[in-house]
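Novice: Here it is, the structure, as structure tokens.
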Amino acid sequence: MGPLMEIRELRAFVAVVEAGAMSKAARLLHVSQPALSQTITALERRLGVRLLVRTSTGVQATDAGTTLLGEARAVLARHDQALAAMARHTETGGGVLRVGVPLELPPELLPSALARLGDTRVQARHLSSVAQVAALRAGELDVGLVRERPAGPDLDAVLVVEEDVGVLLAADLAEKLGSPVRLDALAGLDWFAFPRAGSPAWYDELAAILRSHGLDVGAEVPEEQRLIVELKIPAVSAGTAYAFAPPEWPYPLPDTVRWRPLAGNPIVRRTWAVWPANSHRRDVAEFVAALEDHRRGESRA
């Protein structure tokens with residue numbers, strides 16, 4: 001049996017060749033350039049051939065790469081065609097809806113949306129925004145809930161949640177700072193952050209807001225260190241760090257930690273529902289419509 005190639009690897013390879021540069025392809029795929037480079041290197045190692053050569057102007061396909069490019073395009077076209085054919089069988093519901101979910105969604109959002117799906121079975125996967133977009137483009141998700149709107153005509157998106165983010169602080173520090181808390185009053189504390197690679201645009205937006213208020217964002221969290229919600233509490237309880245959380249944070253707070261709003265609501269976290277632009281699935285449409293209805297209901301409340 002020959003070496004196996006994954007769909008995501010083929011998409012990455014085609015994107016790099018068509019873009020002519022690793023950095024441009026990484027932006028189009030919404031992944032980090034090092035991660036994309038690792039994907040191509042792993043593919044070359046598995047196949048035992050050099051696929052790309054770097055030049056002063058970017059990257060070019062080798063002879064082997066040119067051969068793979070034609071085959072990869074054919075495989076991807078056939079893969080997408082097969083997915084579209086299968087989707088037609090579930091347009092009326094009763095199928096499986098694969099949903100990407102980030103951490104810390106409002107507690108009522110998913111239950112109210114899922115109640116509209118009838119017999120459709122839902123498979124939820126907790127993934128970062130970048131991972132969800134990659135999975136959507138690889139045909140591994142039907143709809144995602146992401147913290148930054150993806151670019152490109154291949155995905156449709158609609159805003160479904162806007163949250164005025166507050167701050168988690170040690171109880172005694174929260175009492176000292178009062179309510180609401182001024183963002184610049186957090187100077188000297190460590191920001192309990194998340195890996196930028198999982199949601200670059202949202203991370204950069206947060207970091208820019210912090211810096212504009214004179215706060216140090218600290219060192220970047222390594223990509224492999226996933227944000228674990230439960231770690232926020234002990235980090236904040238010690239009194240040397242703060243973490244951001246929405247008003248309806250769906251986790252219990254101990255007596256040692258308090259949630260406080262931020263003065264002027266300088267941080268707004270947005271969540272978009274994203275799905276393939278060529279999708280004709282009725283359950284996807286119903287799910288997104290339910291999310292929109294929930295947002296309209298929240299705005300009227």
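The values are calculated or read from the model by the stated rules, or taken from the named source; none is laboratory data. Only a predicted model underlies this, so the values are computations on that prediction, with no experimental measurement involved. With ligands, DNA and RNA removed, areas are computed over all heavy atoms of the protein, side chains included. Shrake-Rupley method; radii C 1.70, N 1.55, O 1.52, S 1.80 Å.
Novice: Counting pairs of alpha carbon atoms under 8 Å apart in space and at least six apart in sequence, what relative contact order in percent does the chain give? Mind dumping the intermediate values first?
Specialist: Details: 475 pairs, mean separation 72.6, N = 301.
Answer for the chain is 24 percent.
Novice: Residues of segment 166-266: accessible area per residue at 1.4 Å, in Å²?
Specialist: Using a 1.4 Å probe on heavy atoms only, each residue of segment 166-266 averages 51 Å².
Novice: Got a sec to turn the phi values of segment 183-192 into Karplus ³J(HN,Hα) couplings, 6.51 cos²θ - 1.76 cosθ + 1.60 with θ = phi - 60°, whole Hz, x for Gly and Pro?
Specialist: For segment 183-192, the Karplus curve yields 4, 5, 6, 8, 4, x, 9, 8, 7, 7 Hz.
Novice: Would you pull out the residues with amide H under 5 Å of Leu97's amide H, same chain only if 5 or more places away, H placed 1.01 Å from N?
Specialist: The list, which skips near neighbours in sequence, is Arg121, Val122, Gln123.
Novice: With 18 Å as the cut-off, how large is the P(r) tail for segment 245-301, expressed as percent of Cα-Cα pairs?
Specialist: Numbers: 922 of 1596 pairs.
It works out to 58 percent of all Cα pairs.
Novice: Along each principal axis of its Cα atoms, how long is segment 7-88 end to end? Whole angstroms, biggest number first, please.
Specialist: That gives 46, 26, 20 Å along the principal axes, largest extent first.
Novice: Using Cα atoms only, what is the angle between the long axis of helix 7-19 and the major principal axis of the chain, expressed in degrees (0 to 90) to the nearest 10?
Specialist: Result, in degrees: 80.
Novice: Normalised by the number of residues in segment 7-88, what is the relative contact order in percent for Cα pairs under 8 Å and 6+ residues apart?
Specialist: Computed over segment 7-88, the figure is 30 percent.
Novice: State the percentage of accessible surface on the chain attributable to carbon and sulfur atoms; use a 1.4 Å probe and exclude ligands, DNA and RNA.
Specialist: 53 percent
Novice: Test of understanding: what is the full-extension gain from Ala219 to Leu47, defined as 0.36 nm times their sequence separation minus their Cα-Cα distance?
Specialist: Stretched fully, the Ala219-Leu47 segment lengthens by 58.2 nm.
Novice: Averaged per residue, what accessible surface does segment 7-88 expose to a 1.4 Å probe, in Å²?
Specialist: It amounts to 56 Å² per residue over segment 7-88.
Novice: Report, to two decimal places, the Cα Rg of the chain normalised by 2.2 N^0.38 Å (N = number of residues).
Specialist: 1.14
Novice: Can you give the extra length, in nm with one decimal, that the chain gains between Ala187 and Glu6 once fully stretched, where that is 0.36 nm per residue apart less the Cα-Cα distance?
Specialist: 60.6 nm
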